[in-house]
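Quick note: the coordinates plus some simple rules give every number you see, no bench work behind them. Since the model is a prediction, treat every value here as computed from it, not as a measurement. Don't worry about glycine lacking a Cβ; one is built from the backbone with ideal geometry, like all the others, and counts go over all protein chains shown.
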Amino acid sequence: MRSLSRSSVLTLAAGMTFGFCLAYIFISIRLSSHSPFSRLHKPRFPGDDGEDAHGHGHDHGDAHNEEDMESLAGPVRDFGLHGRHEDSHAGEDEVARELREKVRVLCWVMTGPKNHEKKAIHVKRTWGKRCNILVFMSSVEDESLPSVALPVGEGRENLWGKTREAYRHVWENYRDKADWFMKADDDTYVVLENLRYMLSPYNASEPIAFGHKFKPFVKQGYFSGGAGYVLSKEATRRFVEEGLTDSKKCRKDPGGAEDVEMGKCLANLNIKAGDSRDSYGRGRFFPFVPEHHLIPGHVTKDFWFWQYIYYPAREGLDCCSDTAVSFHYVSPNEMYVLEYLIYHLKPYGIQNNLQGTAAPPPDQDLKATPWSGPTD
């Protein structure tokens with residue numbers, strides 16, 4: 001009897017130990033985004049799992065959606081920039097400043113109250129200051145940015161509603177002060193000089209828009225919301241004055257995926273979805289950080305991105321234009337790293353030979369057939 005009791009106790013103890021160990025393993029996997037077990041299930045298409053505001057799944061240990069960005073923070077104070085009077089900077093931006101007056105860009109940045117100090121302020125301290133006009137769109141007014149309190153709630157389900165009201169606001173208040181109206185997120189980094197260079201051959205009176213083009217849902221394609229997109233003055237006028245007043249052309253309720261709804265709306269208003277690539281066919285607007293587009297295999301070929309892109313895309317240095325415009329999912333700290341690498345680090349003896357206006361993209365007439373996707 002004593003032997004049986006001892007056996008039962010040992011069995012119970014072993015079972016409890018095994019149970020605790022198993023629970024610990026599963027909890028650790030749940031908490032660690034870098035656990036090797038976390039890669040066993042890989043969502044490959046929008047809606048599979050781990051989706052972001054646009055239904056885009058991901059399986060990487062780095063940022064591919066807003067949740068991945070939640071815990072990332074930047075420096076508390078503005079630590080400044082190199083002075084324009086320094087020898088290495090003197091006179092370097094004369095051409096850029098001239099173009100700034102000719103191609104006036106209003107940037108409006110999608111943000112929210114919880115991100116004013118975590119993200120938006122770092123946009124203001126870095127690339128935002130190069131916009132002709134910078135406006136932050138939130139649901140709460142904040143004089144430190146400043147931000148506009150739109151009459152729309154926060155949350156993914158309201159992104160389209162915020163976009164509608166944001167464009168309404170900038171058109172009603174700044175229509176005569178800008179030629180192009182760009183939407184970006186508070187984790188998007190934009191090189192304004194390259195944006196103006198890309199836009200320089202175009203007339204803002206033409207109904208056209210640019211961004212990173214995806215092919216589903218809209219015949220002419222639609223633009224990634226995270227990579228940002230820019231509307232000409234005429235496109236903005238049509239969107240606000242014709243689209244927002246006609247529910248048959250533009251969705252009236254705040255629901256739906258912001259970028260897809262915008263794409264449908266632009267198509268219904270006969271606003272062209274332009275080709276933002278450079279003359280070599282290299283991309284300028286990017287939905288991820290540079291590393292994800294540069295490093296071969298980082299974004300595997302069965303990931304949703306490869307089935308969505310409208311134009312052929314390459315990996316390695318051939319992926320990205322020397323005049324790239326934007327990257328998405330950029331952490332606050334990475335904003336300052338990009339700021340340094342783009343505007344301050346200078347290899348001695350290397351000159352910039354960009355002159356005049358940008359050469360036309362491969363699909364200038366917008367007649368290309370959407371890419372079928374990678375074959376390997």
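Okay, here's what the table says:
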quantity: Among the listed pairs Lys102/Lys213; Lys215/Lys252; Lys119/Lys367; Lys114/Lys248, those beyond 29 Å (Cα-Cα); calculated: Lys119/Lys367; Lys114/Lys248
quantity: Relative contact order [Cα under 8 Å, 6+ residues apart], region 141-279, whole percent; calculated: 30
quantity: Extent along principal axes [Cα atoms of region 290-336; Å; largest to smallest]; calculated: 31, 21, 18
quantity: Cα centroid separation, region 282-307 to region 165-238 (Å); calculated: 22
quantity: Residue-wise HN-Hα coupling along region 324-338, computed from phi with Karplus coefficients 6.51, -1.76, 1.60 (Hz; x: Gly, Pro); calculated: 4, 9, 8, 9, 10, 6, 8, 6, x, 5, 5, 4, 6, 5, 4
quantity: Relative contact order, percent, region 218-370 [alpha-carbon distance under 8 Å, six or more residues apart]; calculated: 28
quantity: Over region 181-291, volume per residue of the alpha carbon convex hull, in Å³; calculated: 111
quantity: Stokes-Einstein D (µm²/s) once Rh is taken as the Kirkwood radius of region 247-373 over alpha-carbon pairs, at 4 °C in 1.567 mPa s; calculated: 75
quantity: Hydrodynamic radius (Kirkwood) for region 248-298, which is based on Cα pairs only, to one decimal in Å; calculated: 13.6
quantity: Inverse of mean 1/r across different Cα pairs in region 83-242, Kirkwood, Å; calculated: 16.4
quantity: Length released on extending from Thr323 to Leu294, taking residue separation times 0.36 nm less the Cα-Cα span; calculated: 9.0 nm
quantity: Partner lysines for Lys118 [C-alpha distance under 21 Å; skip if fewer than 8 residues away on the same chain]; calculated: Lys129, Lys162, Lys183
quantity: Relative packing of 154-166, 360-372, 332-344, which averages over residues the other C-beta atoms within 10 Å, highest first; calculated: 154-166, 332-344, 360-372
